Amino acid sequence: MSTGSSATAGRARRAPKRPSTTLAERWTTIDGIDVFYRESPVPPPGAPVMMHVHGFGLSGRYLLPTAERLADDFHTLVPDLPGFGRSGKAADALDVPDLAHAAARFLDDRGIERVTLVGNSMGCPVICEFAYHYPERLERAVLVSPAGGIFNQPLRRAMGQISRDGTREPPQLMRVVTPDYLRFGVPSTMRMFRALTQYPSLERMLAMHIPTLAVLGDRDPLMPGPERVQEVASQTDNHVLIVKIEGAAHAINFSHSGELAHMIRLFMADKPIVDDPDSPGHARLYEIHRGTQHPPAREG
């Protein structure tokens, strides 16, 4: 692979004053682009690999509360995809298929053949596209607050939804995501949004044939109502398990990391989705759809 020697790459590799995570912070080079990522410092021997995929305009930083909770159980990776966060930018703007291919090449670079992908928002279409091109490499998928479909169009509507969501998220989230949005910039936002509007999100999601967990928040303004969710779910009898978290908005990986990590562990073990006794409070977890082809829940 070529080395990232451009001025942009050099600026991207500047280290922060202090680490922002308990995961190891590392760099690699993919297609000549410097890519920043976080990884389990000492992956558990033989543990399944789990990679977390960030949303629109963001880095992987806001995914860390959930990823860190899972790092002792899984070989955990949290990259900033090319063009996002601290990673360098490609010469041409990337669309959803490009990001899925970049994720695959990142895994190639790390010597990883099979993976479970956990995405939030735009990260979910990236996972669906990864499944379309690399079905043999995807063990399972976790789609948290999937976004980018017709319910989020046009851009004016999406911006209004994001604004409403901001009032429903923890104040600490704004301190994490604002630098990412500013770094991503308005031109990139417009290009990426156009790419999302052209992406067949629903078609790709319904075509997935692996165990898939979809996690929704009942206060998420970027998601359609329960009737539409049930309508979509009824179009497939595949491996989808849909779960709702009461009290959660869009950035569940940040705001409800305890509940989400607990849910992912149960999903990975094919156990029933039940409340986490170690995360008390207003949030409640419950299934709203289990596809007929989804692995049956195993007790114990």
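When DSSP beta bridges are restricted to pairs lying wholly in the chain, around 40% turn out antiparallel.
Work the Kirkwood hydrodynamic radius out for region 23-290: mean of 1/r over every pair of different alpha-carbon atoms, inverted, in Å. Result for region 23-290, one decimal place: 18.4 Å. Using only side-chain charges placed at the Cβ, +1 for Lys and Arg and -1 for Asp and Glu, the dipole size of the chain relative to its Cα centre rounds to 1060 debye. Report summary: the helix-based calculation at 222 nm, which adds -39500 (n - 2.57) for every DSSP H run with n ≥ 4 and divides by the residues of the chain, gives -10000 deg cm²/dmol. Each of Leu99, Ala131, Ser188 was scored by the projection of its Cα onto the charge dipole of region 57-207, and the greatest displacement toward the positive side belongs to Ser188; charges sit on the C-beta of Lys, Arg, Asp and Glu.
Which residues make up the longest stretch of the chain that has no GluC sites (Glu not before Pro) in a DSSP loop with at most 16 other Cβ atoms within 10 Å? My reading of the result: 114-245 is the longest stretch.
All of the numbers you see were taken from the coordinates with simple rules; none came from a lab. What you are looking at is a predicted structure, and each value in this text was computed from that prediction instead of being measured. All Cβ positions, even for glycine, are placed from backbone atoms using ideal geometry, and neighbour counts span all protein chains on display.
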